[in-house]
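Notes for the one structure printed next.
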Ligand code: TEU
């Protein structure tokens, strides 16, 4: 079959929905598909043309759906397959495509494959997972690897000598991609959803699927012991190319992979078009700007220089056809962007949100907006640990209780970096449960729903919501936002991030003040003869930039 792909992803603006927290259609406290259907007009109004839906598959929800027990059905509290099809056609009618979250590094421990695997040593499903004999007659794990939520990476199967690998919770056993049957199953699952009409996938921790097969101890370290064996493993590219050959290439779909600790060289291998693997990946080097070694608990003071360097590395590195960038500042694992990256979530929240929004949105790549980002939602900041639901946070709290070393090292920042910060219910209005639900939601609503909510944002002509509409419009109106080359100007300026996008017909200049005070505008002379097409302030001085001021200038080349 010939290649069906048209690369529409380059023109996409993607909106991420975290279904538990988006909208509760049946008032049971949990978001669901009917809730999403009721908000499709809202998405259309915002102007996005693609949705990434976090997992809606049947699941025991030990990690909010990233633990799948049935890849072909919907988690009943979220709705039915019919609801899903209705949602999909509702999106398509509005010109919105849908990409699904694909979680295939691991399944749920309740998946029938895993249940069969642990019940019977001779089951063909045993080899669907990574099962090894433990050390010391099976009493100790097979090696010293540790996983992503702070624990060791193995769990014992009952009181047998055998252990299974799980890089996340013990309820998320890793699949054994070495087994060709596993690969066939995954390809079938991909085709099942693509045949139903979905438009692509966001591939969860896809860079972990291949593991070095020696399973030996690795040098101890603070986090992710064994990462050299399971991050970007030896057969990763072979597997991804297989998925492309056997599924992706037969559909006009898009793929974005989630990476872990991915260098520029690794990134190019994953996204270079001729290699036929993925269209783009989420790289976290810029969101790791405020921590050390990619460990979010190790807080590091924000520096604009570092942010600019990290973003620019991938902007330059993937230019000239080497690949395509994904652009994002929030998702369901990250804390909110207001109050982060040097910005303010207090009095200057609105200008802050618009400034950081403009800065990332007009870079080269496909922008993603995480639900609530478009109204400037802020972190959860609950007082009590019981108010947090996330398994990662509770695991880390347990670790700090066990070890004074961990307490000292990470204790202080546990809540401020919790994943629940971005998972609080979407704030639709100022009612008791923010219009998300009529009953108490699964996670507490942020008190600031009184003034941060969609209804208010629609009323206010100067709102962040209306500003995002304009940003999306810019991408539609000016091709340079999509195909323009990225260039830095004033790259050593400590306060201001300014860059140029340029194609053969036109030029766009973005200037953003990352400081909460008025600063000198280093790019004042660069924009002579340009038209100011967007700003977060009503009036602008030529020579100075107000706190968190951002400006977008445009000029068409004279013929
Ligand atoms: O996240 C993978 C991942 O790298 C995160 O676990 C990250 O280390 C952590 O969130 C930092 O706080 C993906 C999903 O996005 C996440 O929600 C899942 O829990 C995880 O995979 C397992 O499927």
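No lab work stands behind these numbers, since they all come straight from the coordinates. Since we're looking at a predicted model, the values are computed, not measured. Every residue, glycine among them, receives a Cβ derived from its backbone with ideal geometry; neighbour counts consider all protein chains shown.
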With everything on Cα atoms, drop me the angle between helix 391-402 and the longest principal axis of the chain, reported from 0 to 90° to the nearest 10.
70
Report, in whole Å, the centroid distance computed from the Cα atoms of segment 519-559 and segment 128-169.
57
Part-to-part distance (alpha-carbon centres) for segment 332-369 and segment 377-425, which is given in Å
22
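Averaging over all projection directions, find the projected area of the Cα convex hull of segment 155-258 and quote it in nm² with one decimal place. Could the numbers behind the result be given before it?
Working: hull surface 31.9 nm².
For segment 155-258, the mean projected area of the Cα convex hull comes to 8.0 nm².
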One point scatterer per Cα, no solvent, Debye formula: log10 I(q)/I(0) for segment 500-559 at q = 0.13, 0.18, 0.20 Å⁻¹ comes out as -0.33, -0.60, -0.72
Using the basic label-point model (7 angstrom from Cα toward the beta carbon), what is the residue 249 to residue 291 distance in nanometres?
3.7
Is the shape of segment 179-230 rounded, prolate or oblate, going by the alpha carbon gyration tensor and its root eigenvalues a ≥ b ≥ c, with a/c under 1.5 for rounded and a/b larger than b/c for prolate?
oblate
Note the angle between two axes, namely the Cα long axis of helix 81-93 and the longest principal axis of the Cα atoms of the chain, as a number of degrees from 0 to 90, rounded to the nearest 10.
20
Which ordering of 332, 111, 106 is given by a fewest-first count of other beta-carbon atoms within 10 Å?
332, 111, 106
Quote the relative contact order of the chain in percent (integer), defining contacts as alpha-carbon pairs under 8 Å separated by 6+ residues.
13
Rg [Å, one decimal], Dmax [Å, integer] - the chain, C-alpha atoms
23.4, 79
Report, largest value first, the span of the C-alpha coordinates of segment 90-198 along each principal axis, in whole Å.
60, 32, 21
Over segment 485-556, what is the mean sequence separation of C-alpha contacts under 8 Å (at least six apart), divided by residue count, expressed as relative contact order in percent?
33
Shape descriptors of segment 170-329 over alpha-carbon atoms, Rg and Dmax in angstrom, are 16.9, 48
May I ask you to give the average projected area over all directions of the convex hull of the Cα atoms of segment 1-55, in nm² rounded to one decimal?
5.1
Across segment 135-203, what fraction of all alpha-carbon pairs, as a whole percent, falls in each successive 10 Å bin from zero upward?
19, 33, 28, 15, 4, 0
Arrange 14, 103 by Cβ neighbour counts within 10 Å, fewest through most, would you?
14, 103
Hydrodynamic calc, segment 277-349: Kirkwood Rh from Cα pairs, then Stokes-Einstein at 4 °C with viscosity 1.567 mPa s, so D in µm² s⁻¹ is 96
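Could you tell me which of rounded, prolate or oblate describes segment 112-165, using a ≥ b ≥ c as the square roots of the eigenvalues of the alpha-carbon gyration tensor, with rounded for a/c under 1.5 and, failing that, prolate when a/b is larger than b/c and oblate otherwise? Before the final figure, lay out each step's value.
On the way: a/c = 2.39, a/b = 1.43, b/c = 1.67.
It comes out oblate by the Cα gyration axes.
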Inter-part gap, Cα centre of segment 83-106 to Cα centre of segment 255-312, in whole angstrom, is 26
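Let me have the relative contact order for segment 328-462, percent, based on Cα pairs under 8 Å that are six or more residues apart. Provide the component values of the computation, followed by the final result.
Details: 173 pairs, mean separation 34.5, N = 135.
The normalised contact order for segment 328-462 reaches 26 percent.
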Residues 355, 280 in order from fewest to most other beta-carbon atoms within 10 Å are 280, 355
Return one number: the angle in degrees, 0 to 90 and rounded to the nearest 10, between the long axis of the Cα atoms of helix 180-196 and the longest principal axis of the Cα atoms of the chain.
40
What spacing in nm lies between the two simple spin-label points modelled at residue 488 and residue 459, each 7 Å away from Cα in the Cβ direction?
4.4
Given N residues in segment 304-441, what is Rg(Cα) / (2.2 N^0.38 Å)?
1.23
